Amino acid sequence: MLDFPKNKKTLSSWKSFIVPSLLILVLFLAAGLLVINALSTFYYQERVQEASLLAKSYTSVLSTVIDAEHQLDLQLRSTLKVAGVIMSKYTEPISNAQLATMAENLDIDVIYLYDSNLTITHSSDDKYIGWITPASHPVRDFYESTEQFRAEEIRADTESGVLYKYGYYRFDDGRMVQVGILASNIEELYAQFEPQYIVERLSKDATHTRLAFLGPEGKVIAATDSSLRGSVLHPDTIGLPISANSYIKTGWEGRNYLALHLPITLKEAFAGSLVLYYDLTQMEKLILRLTIIISLTLLVFYLLFAYSLFTVYKKNRRILHLAYLDELTGLPNLRNYHAYLEELRCQHLALIVLNPLNFRLVNILYGYDHGNSVLIQIGRHLREISMQKQNLQPFRLSDDRFLVVIKDEASLDHLLAICQELLCIKEDTNLVGSIAVSIGLVQSTGPSHDATRLLKEALIALNSTSDSHLIQAYNTELEEKLIRVDAIEQEIKQALGGEEGIISLVFQPIYDGDVGQIVSFEALARMKSKKLGVIHPLEFIAIAEKRQLIIALGQKILSLACDFITQLRMRGIYEVSVAVNVSALQLMEDSFISHIVNLSKEKQIPLTQLEVELTESVFAQDLQFIATQLEELRALGILVAIDDFGTGYSSLSRLETLPIDYLKLDRSFVEKLQNSGEHGFVSDIISLAHHIDKLVIAEGVETEEQEEELQKLGCDYMQGYLYSRPVPAEQALDLLLAAENNDEQP
């Protein structure tokens, strides 16, 4: 089943929504990854710089501490040496008390004075006087060396076991002095320069770091992690060379760290290294939060974009639906038909235009909702047929017309069989109401086909259908006939627009046979075309009915008839009435009665001089509504006649219920009065009409024999060529004057 033209299908396909959505999703994901990666790189580089700055500041602190410790060591050495030099310069005899004073002044703890035999002669603490230095003792090692001065590392005193830092100085006279500072006093000085203390202080200030201070041999001197102290770490072991610009990312106890390994120098000499582990946990949490925020933001934007895209997709489908599909029936529309034929390539093509007849009347009688339901059912039925016959494609042409395109079917007989099948659409769909179908058919050959031309020719064929020929195939004569019909229609419209000389009235008198007087005139419409000449009433009235102009035309005819009544009254003729033919469609209009009343007021004439003639087709309409309308007409003083009685739908039972005054006996019965069978039938009609209080007017009286016979049968009034042909208004007035003069003659 066709929905949209091939070149428009991509616009309505789900691909037009899904593909862009996926592409945008990929772009959003790529953008998100790029942003997150850029942020990660940015924060990572920030941490690298921060860690590098921390590591450099820490190495600088440690270098300063090592240097300070070295300077302190030099200071202690200098203190010990100064004490030794002062003692060597002292030439006066000295006592232990003086040594104690000198020790206090020199800020040292003990002074031992040795003679050349390395025996302690004097002591600042009054201890070890007379103590002789044993072999292999540090004092003897110094004395036997050639050094002037020596400072030892902190060691335990060989006698007391107390820790001291000793210095030795040789006198020129062979004596020597030993000065010492308690290690406990030294430790107080060294404590603030202790590497572990410094490392702990540094890590305390930066809780997100871990530090390890390595000596020149790679031994861990101090570390925030106590398990590392004393161990030996080599650059290869930790996978990080000693460099101020290198770093690695490593894991430790379930966390990620940024590791740097920087050298510590002291006066450009390598004094060890610092390994700094910078904790990346907070940064990773921040990046995770940013990732979630960015992802959610992008997701929201993507959902909004996808929703907008979906909205656009639905609007596109809606626009395409409105552009190429009929909203009521769902069938492809006229625009789709043109696109379909433009894309179609086949040798044989046929176009059918299907038109439900009396559809306007269905809307009037049953309402527009029912009318829409009828159209929907017709569309559904055509769709079902197209599913059964793959070469058949239906379209909706206009309000109540449908198109059916049939491809690859050359046989006219087969096409007519399809048309015949479509004529049964009422029975197939169980439609309610007076729905019949007329069909116009046109064929085309060739690889391509002119959609506009085919549609025009199919509509010409449709326009040429009739109640007896519901299927019509196109031929050129139909087009010529349609051109004539169109010309007539246009001139009818010109006449309705106010142009004079196109529509006029002639009047045929109706006589009372008993007295020979004119009792009324029947107004008959005539048309004279500027292009085509005189047009027969049957032709232009039929065209007006078919082109929905009959109501406006009927109003004009009523207006012209009222003008004639005005002329009668201006001549002082008040008893003669004028009968006007009214179509069933006019009578079914709600405004019909009010229009007649307004017209009588406009023309200033009484409605008692106006008669209305209806054909028997009114009996096929809503009789209850018709009866109401006729009752209102009669209440206004308007007499009502049924024209051409005996040829249509009427029955005596209906006549009895309808408020009418006259029956006009059709001329076909008058012509056959010489036939005994028809004679009896006419007699019965007149008798039964009188029985239900209706008067009878005989039409088409052309001979005196017919007049005499009708008078014998009791016919009330007669009309025909025997008395007068239909004549213009002035001649009709002359007929009245002639009749009056005849009455005045003795």
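Quick check on region 451-464. Is at least one of its residues surrounded by fewer than 18 Cβ atoms within 10 Å (Cβ to Cβ) and at pLDDT below 90? Taking every residue of region 451-464 in turn, none turns out to be surrounded by fewer than 18 Cβ atoms within 10 Å (Cβ to Cβ) and at pLDDT below 90.
Could you please let me know if Val139 is more than 19 Å from Ser78 (Cβ to Cβ) and in contact with a Leu (Cβ under 9 Å, 6 or more places away or on another chain)?
On the way: more than 19 Å from Ser78 (Cβ to Cβ): yes; in contact with a Leu (Cβ under 9 Å, 6 or more places away or on another chain): yes.
Yes; evaluated as a whole, the condition is true for this residue.
Based on what the data block shows, is Asp413 surrounded by fewer than 21 Cβ atoms within 10 Å (Cβ to Cβ) and within 33 Å of the chain's Cα centre (by Cα)? So Asp413 fails the test.
If you scan region 332-358, which residues turn out to be farther than 16 Å from Gly379 by Cβ and either free of Cβ contacts under 8 Å to residues at least 12 places away in the same chain or under 25 Å from the mean Cα position of the chain (by Cα) (or both)?
Of region 332-358, the ones farther than 16 Å from Gly379 by Cβ are 335, 338-351, 357-358.
Scanning region 332-358 gives Arg335, Ala339.
Residue-by-condition table, conditions (1) in contact with a Ser or Thr (Cβ under 9 Å, 6 or more places away or on another chain); (2) more than 22 Å from Gln196 (Cα to Cα); (3) not aromatic (Phe, Trp, Tyr):
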| site | (1), (2), (3) |
| --- | --- |
| Ile221 | no, no, yes |
| Pro241 | no, yes, yes |
| Leu262 | yes, no, yes |
| Glu268 | no, yes, yes |
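Within the set Gln586, Gln567, the sole residue that is surrounded by 20 or more Cβ atoms within 10 Å (Cβ to Cβ) and not acidic (Asp, Glu) turns out to be Gln586. Name the single residue that is surrounded by the fewest Cβ atoms within 10 Å (Cβ to Cβ) among those in region 465-496 being over 45 Å from the mean Cα position of the chain (by Cα), modelled with pLDDT of 85 or more and part of a loop (DSSP other than H, G, I, E, B). My answer is His469.
Residue count for region 506-550 under the criterion of being surrounded by fewer than 18 Cβ atoms within 10 Å (Cβ to Cβ), among the β-branched types (Val, Ile, Thr) and not in a strand (DSSP E or B): the result is 1. For region 86-115, filtered to residues that are among the β-branched types (Val, Ile, Thr) and surrounded by 19 or more Cβ atoms within 10 Å (Cβ to Cβ), the residue that is farthest from Ala259 (Cα to Cα) is Ile111.
Among the residues in region 188-200, are any part of a loop (DSSP other than H, G, I, E, B), out of contact with any Ser or Thr (no Cβ under 8 Å at 6 or more places or on another chain) and not hydrophobic (A, V, I, L, M, F, W, C)? Talk me through it step by step, then tell me what you get.
Going residue by residue through region 188-200, those that are part of a loop (DSSP other than H, G, I, E, B) are 192-194.
Keeping just the survivors that are out of contact with any Ser or Thr (no Cβ under 8 Å at 6 or more places or on another chain) gives 192-194.
Now narrow it down to the ones that are not hydrophobic (A, V, I, L, M, F, W, C): 192, 194.
Checked against the condition, which is being part of a loop (DSSP other than H, G, I, E, B), out of contact with any Ser or Thr (no Cβ under 8 Å at 6 or more places or on another chain) and not hydrophobic (A, V, I, L, M, F, W, C), region 188-200 yields at least one hit.
Mind checking whether some residue in region 732-739 is of a type outside the set (A, V, I, L, M), surrounded by fewer than 20 Cβ atoms within 10 Å (Cβ to Cβ) and either over 23 Å from Thr615 (Cβ atoms) or at pLDDT 90 or above (or both)?
Yes; the residues of region 732-739 include at least one that is of a type outside the set (A, V, I, L, M), surrounded by fewer than 20 Cβ atoms within 10 Å (Cβ to Cβ) and either over 23 Å from Thr615 (Cβ atoms) or at pLDDT 90 or above (or both).
Being over 60 Å from the mean Cα position of the chain (by Cα) and closer than 21 Å to Met527 by Cβ is the filter; apply it to region 570-582 and report the residue that is surrounded by the fewest Cβ atoms within 10 Å (Cβ to Cβ). Out of the qualifying residues, it is Val578.
Just one of (1) at pLDDT 80 or above; (2) of a type in the set (Phe, Trp, Tyr); (3) more than 14 Å from Lys56 (Cα to Cα) fails for Tyr278. It is (3).
Per-residue answers, yes or no, for (1) surrounded by fewer than 16 Cβ atoms within 10 Å (Cβ to Cβ); (2) closer than 25 Å to Tyr197 by Cβ; (3) touching a residue at least 24 places away in the same chain (Cβ under 8 Å); (4) not acidic (Asp, Glu):
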residue	(1), (2), (3), (4)
Asn37	yes, no, no, yes
Gln49	yes, no, no, yes
Leu54	no, yes, yes, yes
Ser57	yes, yes, no, yes
Ser60	yes, yes, no, yes
Leu72	yes, yes, yes, yes
Thr79	no, yes, yes, yes
Gly84	no, no, yes, yes
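In region 609-643, how many residues are within 19 Å of Phe681 (Cα to Cα) and at pLDDT 80 or above? Final tally of qualifying residues: 2.
When Tyr128, Tyr112, Tyr143 are screened for being of a type in the set (Phe, Trp, Tyr), in the same structural domain as Ala183 (by TED's automatic domain parsing), in a strand (DSSP E or B) and closer than 16 Å to Met176 by Cα, only Tyr112 passes.
Checked against (1) over 55 Å from the mean Cα position of the chain (by Cα); (2) among the acidic types (Asp, Glu); (3) in a loop (DSSP other than H, G, I, E, B), Glu499 passes all but condition (1). Checking each residue in region 576-614 for being over 14 Å from Ser559 (Cα atoms), part of a loop (DSSP other than H, G, I, E, B) and not hydroxyl-bearing (Ser, Thr, Tyr) picks out Val576, Glu589, Asp590. From the list Pro726, Pro746, the one residue that fits, being out of contact with any Gly (no Cβ under 6 Å at 6 or more places or on another chain) and either closer than 29 Å to Ser594 by Cα or modelled with pLDDT under 90 (or both), is Pro746. Considering the conditions (1) in the same structural domain as His370 (by TED's automatic domain parsing); (2) touching a residue at least 60 places away in the same chain (Cβ under 8 Å), Leu496 is excluded by exactly one of them, (1). So which residues in region 689-712 are closer than 16 Å to Ala641 by Cβ, modelled with pLDDT under 90 and part of a helix (DSSP H, G or I), if there are any at all? Answer for region 689-712, where residues must be closer than 16 Å to Ala641 by Cβ, modelled with pLDDT under 90 and part of a helix (DSSP H, G or I): just Ala689.
The values are calculated or read from the model by the stated rules, or taken from the named source; none is laboratory data. Computed from a predicted model, the values in this text were never measured in an experiment. No Cβ is skipped: glycine too gets one built from the backbone with ideal geometry, and neighbour counts run over all protein chains shown.
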